[in-house]
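Working notes, structure below.
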Amino acid sequence: MPQDHITAETLVDREKIKTLKAQYCRFLDTKQWVRLRGLFLEEATFEGFGSAPTGSTAAQFVAGASGRLQEALTVHHCHMAEIAFDGPDRARAVWAMVDVVQFLDGREPIEAPGHTGFTGYGHYEDSYRRIDGVWYFATKRLSRIRIDPIPRDNPAALTNRLKAYADWVRFAEG
């Protein structure tokens with residue numbers, strides 16, 4: 001399948017979409033729920049997430065993620081973006097992803113019952129819309145190829161490390 005026509009404008013838009021995705025991962029991992037909510041269109045929908053049922057709205061997704069992950073250790077990495085444009089203000093992307101979710105309070109993840117957490121591997125399939133010059137998530141779909149459970153007798157995660165600054169990089173609010 002040929003790549004879409006690349007112009008200076010599409011390169012700029014690709015970078016903006018990559019920044020949006022990076023913020024999604026960072027805001028999840030640093031528990032910045034209000035900022036996370038600001039990345040989605042009001043009518044955004046979700047599929048394949050343990051924190052919210054398929055068809056959830058942006059508000060339901062963020063409420064589910066914050067309720068489930070506030071006390072969990074999470075690491076989300078996305079890479080190898082394949083971004084295509086469906087018009088001047090619409091785009092789709094597939095991102096390879098790896099995530100680690102570990103509950104430090106004794107809970108079990110629905111993705112790996114009987115364990116304290118998991119490392120997941122798969123893909124995000126996202127769609128985006130640009131409103132007033134700002135890109136937002138319109139849909140998010142998570143598919144997993146593999147899940148490696150973290151057993152209860154796994155050595156405890158080392159979490160007493162230097163924390164990231166919430167505002168090290170600031171962007172104009174959309």
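Summary table
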{"item": "Condition check for Trp168: open to solvent by 80 Å² or more (accessible area, probe 1.4 Å) and under 24 Å from Arg35 (Cα atoms)", "result": "yes"}
{"item": "All positions within the stretch 135-165 that are within 18 Å of the chain's Cα centre (by Cα) and either in contact (Cβ under 8 Å) with a residue 60 or more places away in the chain or surrounded by 12 or more Cβ atoms within 10 Å (Cβ to Cβ) (or both)", "result": "Trp135, Tyr136, Phe137, Ala138, Thr139, Lys140, Arg141, Leu142, Ser143, Arg144, Ile147, Ala164"}
{"item": "Count of the stretch 95-108 residues which are of a type in the set (A, V, I, L, M), open to solvent by 10 Å² or more (accessible area, probe 1.4 Å) and in contact (Cβ under 8 Å) with a residue 24 or more places away in the chain", "result": "3"}
{"item": "Pairs, first of a type in the set (Lys, Arg) in the stretch 49-62, second buried (at least 16 other Cβ atoms within 10 Å of the Cβ) and not in a helix (DSSP H, G or I), C-beta under 7 Å, six or more apart", "result": "none"}
{"item": "Complete set of residues in the stretch 42-94 that are exposed (fewer than 12 other Cβ atoms within 10 Å of the Cβ) and in a loop (DSSP other than H, G, I, E, B)", "result": "Thr54, Gly55, Gln70, Glu71, Pro88"}
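The values are calculated or read from the model by the stated rules, or taken from the named source; none is laboratory data. Nothing here was measured: the structure is a model prediction, and the numbers come from that model. A quick note on method: Cβ atoms are made from the backbone with ideal geometry, for glycine too, and the neighbour counts reach across all protein chains shown. To get the accessible areas, we keep the full protein, side chains included, count just its heavy atoms, and leave off ligands, DNA and RNA. Shrake-Rupley method; radii C 1.70, N 1.55, O 1.52, S 1.80 Å.
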